[in-house]
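Novice: First the structure, which I've put down as structure tokens, then a few questions once you've had a look.
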Amino acid sequence: MAEKLTLTHERVDDIPLLIGLAQKLHLPEVLDRHLGHHGNHQGLRNGWLATVWLASILSESDHRTSSGEEWAGQHRQTLERLLGQPIRRTEFSDDRLEIVLRRLSQQAAWEALEADLWQATGDVDDLDVTSVRLDSATTYGYHTLTEDGVMQYGHSKDRRPDLPQLKLMAAAAEPWGHLLACNVHPGQTADDPLYRPLIARVRQMLGRSGLLYVGDSKMAALATRADIVAHGDSYLMPLPLTGETAQQVEAWIDAVVEGEQTVTLIWDEQSLLGGGYEFERPMSARVDGKPVTWTERVQVVRSLALAERESQPLEQRLANAEGALRALTPPPGRGRRPYRDEAALQTAVSQVLERYDVTGLLQVTWRREEETVTRSVGRGRGSPKRPVRTEVRVRCVIAEVRRDEEAIQRRKYRLGWRIQVTSLPLAQMSLAQTVVHYRGGWCLERDFHLVKDRPIGIRPLYVRRDDQIIGLTRLLTLALRLLTLIESQVRRGLAQAGEVLSGLYEGQPRRTTDRPTGVRLLKAFARAEITLTRIEMEPQVMWHITPLSGLLERILAYLGLSAVLYQRLAENSS
């Protein structure tokens with residue numbers, strides 16, 4: 001009689017990598033320390049439960065609580081061998097996962113958790129923070145509004161003002177983009193008052209002063225700048241063109257346009273970025289009732305790239321205005337009423353120039369045409385003796401619409417300017433260095449894109465209650481931390497070794513890169529279709545796992561992990 005052979009397959013892919021990296025960060029212990037554990041709960045503690053859920057989110061691009069139980073059942077053997085303890089599907093039920101979210105929503109526990117996690121991240125990635133970037137993002141959901149709920153209508157950065165949203169205020173360490181701290185706020189909250197509490201939390205987490213805080217113009221409130229200086233830190237940010245700044249900026253730009261002020265050219269490593277100049281001014285304010293004074297550097301900077309972008313709408317307006325001006329006096333025809341009076345035509349021309357905001361940029365000339373027309377008087381057929389009358393018809397016609405290139409160039413030279421301020425002394429960072437430093441702000445913007453796109457995919461949020469919404473948002477920022485850590489460690493390893501990776505781009509096996517993204521690195525494991533197979537041939541049970549390619553082993557090595565992490569899954573055959 002033939003022996004019965006039973007094969008059971010489980011896709012492994014990137015799960016061991018994610019669990020192994022989380023263990024290296026001591027993430028299960030950190031989470032368990034701050035999430036706690038109910039004495040009546042059996043099986044996985046909350047720290048491990050949250051860690052495995054994070055792995056499933058990054059592996060499957062799905063943060064729904066309803067899918068956790070099925071996913072755990074499909075990967076039970078893999079998880080049991082990685083965690084060294086039995087796994088039950090019910091541990092990943094909606095109820096258990098929602099308990100994790102509820103505990104993550106508690107502010108005090110979350111702040112302590114972030115502080116411990118940053119300490120662990122610094123130990124793993126050897127981070128030396130000198131600059132912190134702050135910014136906000138919004139994300140929407142299909143939620144019912146409540147008066148005091150976190151989901152509210154507000155200014156949408158996702159172009160969905162029709163849906164309620166929440167606001168995420170984040171601080172990241174530059175230049176890697178690793179998140180330091182995140183706060184969740186109702187969607188209608190203005191950004192201005194959110195900076196100081198987050199800066200205070202970052203200052204407490206890092207336990208030192210002398211940092212440079214970088215943000216956008218919404219961070220430029222005088223109270224925020226004074227608070228940063230009062231605590232021994234520095235700031236760098238653009239000024240909003242409102243209030244006194246709006247009145248002063250024209251004079252600051254005029255000084256350059258009129259040749260009264262010398263401009264310093266600003267270069268990065270490869271190209272000319274623009275130019276600008278700076279001056280100092282004394283500043284004063286009160287922080288907690290105490291006077292604070294400092295010297296602020298005002299930097300008037302012109303970006304060539306920004307000027308080019310802003311000149312495109314100007315050129316479009318000029319073209320539209322030229323067409324509209326020529327259409328004022330079309331050729332004679334039925335239904336076309338000509339301008340008989342030059343004053344009326346001049347008024348119409350001025351209105352067109354004002355409508356397209358090109359006054360002084362187009363020179364318009366017109367001519368007065370006269371036509372003499374003789375007509376018979378009365379009824380009947382014409383004859384030599386029939387009386388006639390002579391009419392003189394006047395018509396004003398636009399003769400030429402000419403671009404005033406000199407005036408247009410002067411207007412274009414006023415484009416691309418921005419005003420930024422810093423409290424850093426010149427000896428620490430020059431004008432060019434501050435401009436280049438501020439341009440590095442993509443790191444936090446990119447973090448927000450990663451949160452919103454796959455595999456994290458925060459929008460829409462598939463939970464309803466406020467505690468669940470806040471908890472899930474915070475959980476997904478933990479997933480972001482893992483993703484950016486994978487990326488930064490591999491990039492750093494490649495840079496130190498002077499190497500590149502090939503085989504990450506599907507359909508382009510020879511394409512190489514020294515700056516792979518975290519998403520692409522995880523996709524490499526998914527494309528390999530790494531499978532754990534249970535081979536049962538009574539009374540013997542054996543295990544087999546798909547061998548790792550050289551590319552995957554290199555990625556693990558850059559992360560400080562070993563291929564043994566995968567090979568161990570197939571051990572203990574009996």
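Novice: With charges set only on the Cβ (+1 for Lys and Arg, -1 for Asp and Glu), what does the dipole of the chain come to about its Cα centre, in debye to the nearest 20?
Specialist: Computed about the Cα centre, the dipole is about 2980 debye.
Novice: Once you treat every alpha carbon in the stretch 115-163 as an equal point and sum by Debye, what is log10 I(q)/I(0) at q = 0.16 Å⁻¹?
Specialist: Values returned for q = 0.16 Å⁻¹ are -0.68.
Novice: Largest first, please: the extent of the C-alpha atoms of the stretch 493-574 along each principal axis, to the nearest Å.
Specialist: 50, 27, 18
Novice: While we're looking at this one, here's another question. Could you tell me, in Å, what Rg and Dmax come out for the Cα atoms of the stretch 338-464?
Specialist: In order Rg, Dmax, the Cα atoms of the stretch 338-464 give 32.6, 100 Å.
Novice: Please give the helix 15-24 orientation as an angle from the longest Cα principal axis of the chain, in degrees from 0 to 90, rounded to the nearest 10.
Specialist: 80
Novice: I'd like the orientation of helix 518-527 relative to the chain: the angle between its Cα long axis and the longest Cα principal axis, in ° from 0 to 90, rounded to 10.
Specialist: 60
Novice: With only alpha-carbon atoms counted, please give the Rg and Dmax of the chain, in Å.
Specialist: 33.6, 132
Novice: Return the FRET efficiency for the residue pair residue 436, residue 40: r is the Cβ-Cβ distance, R0 is 60 Å, and the value is rounded to the nearest 0.05.
Specialist: Efficiency at R0 = 60 Å is approximately 0.60.
Novice: Between residue 445 and residue 374, what is 0.36 nm times their sequence separation minus the Cα-Cα distance? Round to one decimal in nm.
Specialist: Length gained, residue 445 through residue 374: 18.1 nm.
Novice: How big is the Cα convex hull of the stretch 206-279 in projection, averaged over all directions, in nm²?
Specialist: Computing the convex hull of the Cα atoms and averaging its projections yields 7.0 nm².
Novice: Starting from the Cα of residue 88, step 7 Å along the direction of its Cβ; do the same at residue 231; then give the gap between the two resulting points in nm.
Specialist: 4.6
Novice: I would also like to ask the following. Taking the Cα centre of the chain as the origin and placing charges on Cβ (Lys, Arg +1; Asp, Glu -1), which of 475, 329, 420 is farthest toward the positive end of the dipole?
Specialist: Final value for the positive-end residue is 329.
Novice: With the cut-off at 1.5 for a/c, could you classify the stretch 57-189 from its C-alpha gyration tensor as rounded, prolate or oblate? Walk me through the numbers before you get to the answer.
Specialist: Values: a/c = 2.14, a/b = 1.18, b/c = 1.80.
Taking the square roots of the gyration eigenvalues as a ≥ b ≥ c, the stretch 57-189 is oblate.
Novice: If you don't mind, another one. Could you give the nm distance between label points at residue 553 and residue 144, where each point is 7 Å from its Cα heading toward the beta carbon?
Specialist: Between residue 553 and residue 144, the label points sit 5.8 nm apart.
Novice: Separate question: Once you have a ≥ b ≥ c as the square roots of the Cα gyration tensor eigenvalues for the stretch 72-131, tell me rounded if a/c is under 1.5, and otherwise prolate or oblate according to whether a/b is larger than b/c.
Specialist: oblate
Novice: May I ask you to sort 339, 195, 462 by Cβ crowding, counting other Cβ atoms within 10 Å and putting the fewest first?
Specialist: If I rank by nearby Cβ atoms, fewest first, I get 462, 339, 195.
Novice: Would you kindly calculate the translational diffusion coefficient of the stretch 180-320, applying Stokes-Einstein with the Kirkwood radius from alpha carbon pairs, for 4 °C and a viscosity of 1.567 mPa s, and quote it in µm² s⁻¹ without decimals?
Specialist: Roughly 72 µm²/s, to the nearest whole number.
Novice: Same structure, new question: Please state the shape class of the stretch 419-554: rounded when a/c is under 1.5, otherwise prolate if a/b exceeds b/c and oblate if not, all from the C-alpha gyration tensor.
Specialist: Oblate, because a/c is 1.5 or more while a/b does not exceed b/c.
Novice: Report the antiparallel proportion of the DSSP beta bridges in the chain as a percent, rounded to a multiple of 5.
Specialist: 95
Novice: Grab the beta carbon distance between residue 281 and residue 249, set R0 = 22 Å, and tell me the FRET efficiency rounded to 0.05.
Specialist: 0.95
Novice: Residue 3 versus residue 265, label points 7 Å from Cα toward the beta carbon: distance in nm?
Specialist: 7.9
Novice: Among 504, 213, 263, whose Cα lies farthest out toward the positive end of the dipole of the chain, if unit charges sit on the beta carbon of Lys, Arg (+1) and Asp, Glu (-1)?
Specialist: With unit charges placed on the Cβ atoms, the residue in question is 263.
Novice: What is the dipole size for the stretch 135-288, taken about its Cα centre, with +1 at each Lys and Arg Cβ and -1 at each Asp and Glu Cβ, in debye to the nearest 20?
Specialist: Values: 12 positive and 21 negative charges, 146 e Å.
It works out to roughly 700 debye.
Novice: Counting residues in the stretch 244-427 as N, plug N into 2.2 N^0.38 Å and put the Cα Rg over that result. Could you put the intermediate results ahead of the total?
Specialist: Working: Rg = 28.6 Å, N = 184, 2.2 N^0.38 = 16.0 Å.
Rounded to two decimals, the normalised Rg is 1.79.
Novice: Return the subset of 452/523; 218/290; 157/218; 167/452 for which the Cα-Cα distance in this structure is over 21 Å, preserving the input order.
Specialist: In this structure, 218/290 lie more than 21 Å apart at Cα.
Novice: If you don't mind, there's one more thing I want to ask. Can you bin every Cα-Cα distance in the stretch 321-406 into 10 Å intervals starting at zero and give me the percent of pairs per bin, rounded to whole numbers?
Specialist: Using 10 Å bins, I get a P(r) of 15, 37, 22, 14, 9, 4, 0 for the stretch 321-406.
Novice: Please work out the FRET efficiency for the pair residue 506 and residue 414, using the Cβ-Cβ distance as r and a Förster radius of 51 Å; give the result to the nearest 0.05.
Specialist: With a Förster radius of 51 Å, E is 0.60.
Novice: Another one. Cut-off is 10 Å between beta-carbons; in what order do 237, 205 appear when sorted fewest neighbours first?
Specialist: So the ranking, lowest neighbour count to highest, is 205, 237.
Novice: Compute the angle between helix 442-452 and the longest alpha-carbon principal axis of the chain, please, reported from 0 to 90 degrees and rounded to the nearest 10.
Specialist: Approximately 70 degrees, to the nearest 10.
Novice: If each residue of separation counts as 0.36 nm, what is the full-extension length gain between residue 216 and residue 389 once their alpha-carbon separation is subtracted?
Specialist: 54.8 nm
Only the coordinates and a few stated rules stand behind these numbers; no lab work does. Worth saying up front: this structure is predicted, and the values here are computed from it rather than measured. Note that each Cβ is placed from the backbone with ideal geometry, even for glycine, and that neighbours are counted across all protein chains shown.
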